[in-house]
Amino acid sequence: MHSDNALRGITWVIVSTIFFALQDAFTKQLSVSLPAWQIVSIRFFFFAVFALIYAWRSIGIRAAFNSTKQILQNILGIIIVSEIALFSFTIGYLGLAEMHAIFACFPLIITALSVPFLGENVGWRRWLAVAAGFIGTVIILKPGTGVLDPYSLLALVCAFGLAIYSILTRKVSRTDSFETSLLYFGVVSFVFSLLFTPFVWQTPTHEQWKILIILSFCGLVGHFALIKALQLAPAVILQPFNYFVLVWAMILGYWLFGELLDAVNLVGIAIVVCSGVFIARREYRL
C-alpha cells in the first residue's frame, strides 16, 4: 500500500471523528427535549437517502439489495438502530466525554468476541491487551465509589451492541458487498425505527428542526469521510485513529456543557486507548 494513500486515509478518518463527535454533541443537546426514537428515526431517514444514492451510483440499487444473507442483514439493521437509540437516550444523562470514554472499549469487545463468533485466533498478547482494556473500563466506571451509575452501565451495553453489530457485519462482508451492507444499514434501520416513532412523536420546534438537520448532516459527512478512508487504507491501520473522537468529545463537552473528566477517568481512558492501539498494531503486523 502506498504511504500517501495511508496518510490520506488517516486524515479522512480523523475528519470523520470530528463530525461524529459533533453529531453526538447535538444529539445530547436534543435528547433532553425529544424522544430518542424520534431523533434516530429522522437521522436514519437522511441516512437511508444517502445510502440509496450511494448504492445507485456504485453498483445499482437492485444489485445492492441482492444479499446472500438477507435475514442476517435485517437483524443487523434492527441491532444497530436499537443500539443508536439507546446511545441517544443514554447520552442525555451522561457527559459527552464520559459516554465516549466508556464506549471506547468496543474494539476490545470485538477482539474478544471474534473468537466464538468468527473462529479467529487471538494470541496471548492481544488477550492481555483486552484484559488491560477492561481494567481501564472498570476504572472509568468507578464501581467502588458508591452506587454504580445505571447510565454508565447502559453506555457499556451500547458498546457491546456495537461490537456485536461489527462482528456480524464482518461475517456478512465475506459474501456481501460494502454497498449492500450500507444500504441495509440505512433502509432497514429507518423502517424499523418507524415502528416506534409514531407513539413518541413530538412536533419539533423550528430550532429543534435546525439541530436535527445539522446533526443528520454531520452523520452523513462522518460516514462519507469514513468510506473515503476505508477506500484508501485497511481498517486495521485506521482503527487507532478512531480514538480521536475522544479528544473532540472532551473539547466539545467542556465547551458546550462545561464537562470536565477527573484524573481517574483520564487514567482509565489512557489504559483503554493504549490497549486498543496495541491490538490494532498487533493485528496489522500479523
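The values are calculated or read from the model by the stated rules, or taken from the named source; none is laboratory data. Keep in mind it's a predicted model, so treat the numbers as computed, not measured. Quick reminder, even Gly has a Cβ in these numbers, built from the backbone with ideal geometry, and neighbours come from all protein chains shown. Side chains included, ligands, DNA and RNA excluded: accessible areas come from the protein's heavy atoms. Shrake-Rupley method; radii C 1.70, N 1.55, O 1.52, S 1.80 Å.
Residues that are under 29 Å from Cys274 (Cα atoms) and small (Gly, Ala, Ser) occur in the stretch 166-186; there is at least one. Within the stretch 60-76, the set of residues being open to solvent by 20 Å² or more (accessible area, probe 1.4 Å) and of a type in the set (S, T, N, Q) comprises Asn66, Thr68, Gln70, Asn74. Hey, any hits in the stretch 48-65 for a residue that's in contact (Cβ under 8 Å) with a residue 24 or more places away in the chain and not in a helix (DSSP H, G or I)? Yes, there is a match, as at least one residue in the stretch 48-65 is in contact (Cβ under 8 Å) with a residue 24 or more places away in the chain and not in a helix (DSSP H, G or I).
When Trp209 is tested against (1) at pLDDT below 95; (2) open to solvent by 80 Å² or more (accessible area, probe 1.4 Å), exactly one condition is not met: (1).
Is it fair to say Leu86 is open to solvent by 10 Å² or more (accessible area, probe 1.4 Å), more than 26 Å from Trp255 (Cβ to Cβ), not small (Gly, Ala, Ser) and not in a loop (DSSP other than H, G, I, E, B)? Step through it out loud before you land on a result.
Working: open to solvent by 10 Å² or more (accessible area, probe 1.4 Å): yes; more than 26 Å from Trp255 (Cβ to Cβ): no; not small (Gly, Ala, Ser): yes; not in a loop (DSSP other than H, G, I, E, B): yes.
No.
Summed over the stretch 90-120, the residues that are out of contact with any Lys or Arg (no Cβ under 9 Å at 6 or more places or on another chain), more than 22 Å from Val247 (Cα to Cα) and not aliphatic (A, V, I, L, M) give a count of 3. Counting the residues of the stretch 144-196 that are open to solvent by less than 50 Å² (accessible area, probe 1.4 Å) and either under 14 Å from Phe65 (Cα atoms) or in contact with a Gly (Cβ under 9 Å, 6 or more places away or on another chain) (or both) gives 16. Number of residues in the stretch 112-127 that are part of a helix (DSSP H, G or I), more than 16 Å from Arg281 (Cβ to Cβ) and open to solvent by 40 Å² or more (accessible area, probe 1.4 Å) equals 3.
crowded, with 18+ Cβ neighbours inside 10 Å and part of a loop (DSSP other than H, G, I, E, B): which single residue out of Leu215, Leu252, Leu261 fits that description?
Values: Leu215 fails: part of a loop (DSSP other than H, G, I, E, B); Leu252 fails: part of a loop (DSSP other than H, G, I, E, B).
After applying the criteria, what remains is Leu261.
Of all the criteria given as (1) assigned to a helix (DSSP H, G or I); (2) open to solvent by 40 Å² or more (accessible area, probe 1.4 Å); (3) modelled with pLDDT under 90, the one not satisfied by Val247 is (3).
For the condition crowded, with 18+ Cβ neighbours inside 10 Å and of a type in the set (A, V, I, L, M, F, W, C), what is the one hit in Ala36, Ala6?
Working: Ala6 fails: crowded, with 18+ Cβ neighbours inside 10 Å.
None of the others qualify; the one that does is Ala36.
Among the residues of the stretch 68-77, is any closer than 17 Å to Ala159 by Cα and in a helix (DSSP H, G or I)? The answer is yes; a qualifying residue exists. Exactly one condition in (1) open to solvent by less than 20 Å² (accessible area, probe 1.4 Å); (2) more than 22 Å from Phe244 (Cα to Cα); (3) touching a Phe, Trp or Tyr at 6+ places or on another chain (Cβ under 9 Å) is not met by Ile79; state its number. Going through (1) open to solvent by less than 20 Å² (accessible area, probe 1.4 Å); (2) more than 22 Å from Phe244 (Cα to Cα); (3) touching a Phe, Trp or Tyr at 6+ places or on another chain (Cβ under 9 Å) one by one, Ile79 breaks only (1).
Per-residue answers, yes or no, for (1) more than 20 Å from the chain's Cα centre (by Cα); (2) under 29 Å from Trp37 (Cβ atoms):
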position	(1), (2)
Pro198	yes, yes
Trp201	yes, yes
Gln208	yes, yes
Pro240	no, no
Val247	no, no
Gly258	yes, yes
Ala263	yes, no
Ala270	no, no
Gly276	no, no
